[in-house]
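Here is the structure we will look at.
The values are calculated or read from the model by the stated rules, or taken from the named source; none is laboratory data. Keep in mind that this is a model prediction, so the values were computed, not measured. Virtual Cβ from ideal backbone geometry, glycine too; neighbours counted across all protein chains shown. Surface accessibility is based on the protein's heavy atoms, side chains included, excluding ligands, DNA and RNA. Shrake-Rupley method; radii C 1.70, N 1.55, O 1.52, S 1.80 Å.
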Amino acid sequence: MVELQQSPDANTVDVHFSRADTTVLEDDSLQSSQETPVIKELEKEALLPVQVADRIFFIDLANKEQTTIPLQVFELEDLEELHLEKNLIESIPGDIHHLKKVKVLYLNKNYIHYLCEELGELKYLQSLDLSNNPLSYSSLHIISKLQALRQLRLYDVNLDEFPVEICKCLHHVELLGLSGNNLRYLPKEVVNLRKLREIYLQKNKFETFPLELCHLLDLEIIDLERNLVSFVPEEIVSLTNLVKLFLAFNNLLSVPDTLHHCRSLTVLDLSNNFLRRLPPSFKQLTEMNELGLSGNSLEKFPRQICHWMSLCLVYLKNTGLQTLPSSFPRLTHIKILDLSENFFDEFPKEICAMENLEILSLDDNQIREIPPEVTGLSNLKCLGLTGNKFSVFPEEIFLLESLEKLYLGQDKGIKFLTLPRDISKLQNLKELYLENNCLEYLPPSIGLLNNLEIVDCHNNLLKELPDSICQVQGLQKLLVQNNQLFQLPENLDSLQKLQLVLLDGNPMTDPPIEVCSQGNLAIWEYLQEKRNQKAKATKIQAWWRGQMVRKGFGTFAELQKLLKKGKKDKKGKEKGKEKPDKGAKGKKK
């Protein structure tokens with residue numbers, strides 16, 4: 001799974017792996033015609049949605065600010081799935097043993113210190129989440145009694161070591177989540193978890209790859225991201241079922257050649273290590289779908305990648321690259337390509353024929369122009385070109401009719417002075433980022449972008465916004481901080497979907513700064529009042545005109561002529577006063 005986000009420090013394309021352990025939960029709740037007293041009581045306390053049922057299998061009491069587990073819950077003998085995460089619960093009562101049929105129990109993000117002995121009596125429990133609790137290590141042995149357990153999540157519980165008892169007794173565990181702890185090693189008894197398929201160990205303190213994992217032959221996912229691992233053992237060759245391997249943000253200088261025997265591998269993230277090359281044998285990993293190598297000082301582009309015909313996602317941010325190999329266009333299935341923070345001084349023509357490419361990040365390179373061949377990227381939806389060396393706005397972008405997001409902030413590059421009116425050709429555009437430029441105006445044609453949702457022009461020199469922006473009915477965010485704006489279009493409040501307007505750092509007078517600082521509602525009220533006053537003034541003027549006509553002063557046009565003539569006559573008299581006649585001067589003498 002991949003996430004696309006806006007970088008927190010600049011408006012650039014930020015694409016990265018999302019490796020969160022997620023589980024699809026099935027709602028097996030059934031309904032019948034009668035309502036039990038237990039459910040009535042729970043509904044009365046607003047803990048359950050109103051429903052009619054006498055047998056309930058699923059309850060979601062998450063994020064209800066509960067300090068204890070409601071006693072009524074323990075009367076639901078058929079309950080199979082119970083969600084109590086994100087509450088204020090400090091302990092699990094002994095009555096938990098009444099839930100004899102419960103299979104899924106989520107208690108993560110509470111304040112639980114100890115696990116009661118009765119928890120171990122839940123013989124059918126298959127999925128338990130106790131993450132983000134201040135658990136006492138001495139009570140964790142209770143978990144070893146849950147022999148039907150298949151999924152165990154203990155994220156962020158301050159573990160220094162993993163209980164040996166759990167390894168010895170839980171032979172059916174398939175998913176083990178231990179990320180966010182202080183683990184330096186796994187007990188050797190972890191090899192007893194022979195059905196283990198997924199293990200999540202990111203954000204711990206492992207200095208070496210746990211050799212014990214190489215004996216768990218059913219492993220499909222290993223996540224060791226953000227540790228201190230400097231070495232991967234050659235014994236990893238035995239993990240022939242391995243599908244996803246996450247080793248980003250470690251201290252790896254190399255990866256073993258034997259990894260190429262893991263032919264089922266489809267996702268490999270080696271980002272932010274100290275790698276300079278990949279083993280030549282890696283070209284045999286032909287099932288590879290996602291590759292992360294960002295943040296490594298590569299000597300040159302790894303040509304092994306060009307043999308991975310199934311590759312869809314490639315992350316090569318900040319790798320020191322200057323060019324792509326001529327064989328790169330063979331990778332016709334690539335959808336996401338991150339080449340940001342490299343040393344490309346030309347737009348890589350090798351990617352221009354990639355019809356399936358949807359997201360391209362070339363932020364913070366040295367690119368000066370875009371070739372016409374870019375029109376070959378017929379499905380490109382997101383393009384990042386922030387911080388390059390364009391001398392003028394690259395109008396070749398307007399050939400990309402499918403574009404939905406465009407990033408052209410110039411925090412590190414030459415500033416744009418104008419935005420061409422042909423921006424209206426990008427009819428699918430939803431997000432436009434032009435921060436840190438020297439734009440004084442936006443073209444009126446921006447009002448023709450019917451799908452536009454976000455306009456970010458902060459840190460420019462904008463003196464005014466075009467009235468046509470009020471035609472963009474889908475606009476949700478308008479970010480224009482630190483410009484030279486003194487007024488807003490008078491109908492801006494007609495944009496019903498506009499949720500956020502940021503105006504900090506502008507010399508606003510209409511509305512005044514004190515109104516703008518109060519947020520959207522205050523701005524809308526100001527604009528509406530201004531329109532009301534303008535309408536009232538128009539009515540008064542129309543009434544006055546009518547009165548003058550009815551009193552016989554003629555039509556409004558005639559009155560205007562008389563008014564102008566009066567001004568001229570007055571001006572002539574004033575001029576006459578300025579020049580006294582010569583005779584008068586003589587008499588005075």
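Say we look at region 404-422 and pick out the residues that are in a loop (DSSP other than H, G, I, E, B) and among the basic types (Lys, Arg); which of these is most open to solvent (accessible area, probe 1.4 Å)?
Quick first cut of region 404-422, residues in a loop (DSSP other than H, G, I, E, B) only: 404, 408-420.
Cutting the leftovers down to among the basic types (Lys, Arg) gives us 412, 415.
On the way: LYS412: 128, LYS415: 76 Å².
Per the criteria, the residue is LYS412.
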Exercise. Which residues, counting only those in region 372-389, are closer than 23 Å to ASN318 by Cβ and of a type in the set (Ser, Thr, Tyr)?
Worked result: THR386
Exercise. For region 295-311, what are the residues that are crowded, with 19+ Cβ neighbours inside 10 Å and more than 17 Å from GLU350 (Cβ to Cβ)?
Worked result: GLY295, ASN296
Seminar exercise, completed: Residue hits (region 170-207; open to solvent by 50 Å² or more (accessible area, probe 1.4 Å), on the phi < 0 side of the Ramachandran plot and touching a Ser or Thr at 6+ places or on another chain (Cβ under 7 Å)) are GLU207
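What number of residues within region 272-300 are in a loop (DSSP other than H, G, I, E, B) and touching a strand residue (DSSP E or B) at 6+ places or on another chain (Cβ under 7 Å)? Please lay out each step first, then the result.
Here is the first cut: in region 272-300, the residues in a loop (DSSP other than H, G, I, E, B) are 272-279, 285-289, 293-300.
Okay, now just the ones that are also touching a strand residue (DSSP E or B) at 6+ places or on another chain (Cβ under 7 Å), so 288-289, 293-294.
So the count comes out to 4.
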Problem set entry | Matching residues in region 256-287 - criterion: being crowded, with 20+ Cβ neighbours inside 10 Å, among the hydrophobic types (A, V, I, L, M, F, W, C) and more than 20 Å from ILE199 (Cα to Cα) | LEU275, LEU278, PHE282, LEU285
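Could you identify the single residue in LEU311, LEU360 that is part of a strand (DSSP E or B), touching a residue at least 12 places away in the same chain (Cβ under 8 Å) and within 22 Å of VAL267 (Cβ to Cβ)?
Details: LEU311 fails: part of a strand (DSSP E or B).
Result of the check over LEU311, LEU360: LEU360.
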For this session: Count, please, the residues in region 464-486 that happen to be over 22 Å from GLU529 (Cα atoms), of a type in the set (A, V, I, L, M, F, W, C) and open to solvent by 20 Å² or more (accessible area, probe 1.4 Å).
Result: 1
Exercise. Which ones in region 487-512 are under 27 Å from GLY409 (Cα atoms) and open to solvent by 90 Å² or more (accessible area, probe 1.4 Å)?
Worked result: LYS497, GLN499, ASP504
Problem set entry | Any pair with Cβ under 8 angstrom, 6 or more apart, that starts in region 116-134 at a residue that is in contact (Cβ under 8 Å) with a residue 24 or more places away in the chain and ends at one that is of a type in the set (Ser, Thr, Tyr) and in a loop (DSSP other than H, G, I, E, B) | CYS116/SER91; SER127/THR23; SER131/TYR155; ASN132/TYR155; ASN133/TYR111; PRO134/TYR111
For this session: Using the structure shown, decide if ARG330 is among the basic types (Lys, Arg), open to solvent by 50 Å² or more (accessible area, probe 1.4 Å), closer than 26 Å to LEU268 by Cα and over 21 Å from the mean Cα position of the chain (by Cα).
Result: yes
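Yes or no, residue by residue, for (1) open to solvent by 20 Å² or more (accessible area, probe 1.4 Å); (2) under 19 Å from PHE74 (Cβ atoms); (3) at pLDDT below 95:
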position	(1), (2), (3)
GLU117	yes, yes, no
GLU121	yes, yes, no
SER131	no, no, no
LEU152	no, no, no
ASN158	yes, no, no
Exercise. Inside region 113-153, can you point out the residues that are of a type in the set (Lys, Arg) and not in a helix (DSSP H, G or I)?
Worked result: LYS123, ARG150, ARG153
For this session: Go through region 353-374 and give me each residue that's touching a Ser or Thr at 6+ places or on another chain (Cβ under 9 Å) and open to solvent by 10 Å² or more (accessible area, probe 1.4 Å).
Result: ALA353, GLU355, ASN356, GLU358, ASP364, ARG368, GLU369
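Against the definition (over 13 Å from VAL13 (Cα atoms) and surrounded by 14 or more Cβ atoms within 10 Å (Cβ to Cβ)), how does PRO348 come out, yes or no? Step through it out loud before you land on a result.
On the way: over 13 Å from VAL13 (Cα atoms): yes; surrounded by 14 or more Cβ atoms within 10 Å (Cβ to Cβ): yes.
Here the answer is yes, as PRO348 does meet what is asked.
Can you tell me which residue within region 222-253, out of those that are in a loop (DSSP other than H, G, I, E, B) and of a type in the set (Val, Ile, Thr), is most open to solvent (accessible area, probe 1.4 Å)?
Taking region 222-253 first, the residues in a loop (DSSP other than H, G, I, E, B) are 224-233, 239-243, 247-253.
Next, only the ones that are of a type in the set (Val, Ile, Thr) stay: 229, 232, 240, 243.
On the way: VAL229: 0, VAL232: 9, THR240: 72, VAL243: 41 Å².
Ranking the qualifying residues of region 222-253, first place goes to THR240.
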For this session: Restricting attention to region 433-446, report how many residues are open to solvent by less than 70 Å² (accessible area, probe 1.4 Å) and either of a type in the set (Gly, Ala, Ser) or touching a helix residue (DSSP H, G or I) at 6+ places or on another chain (Cβ under 8 Å) (or both).
Result: 4
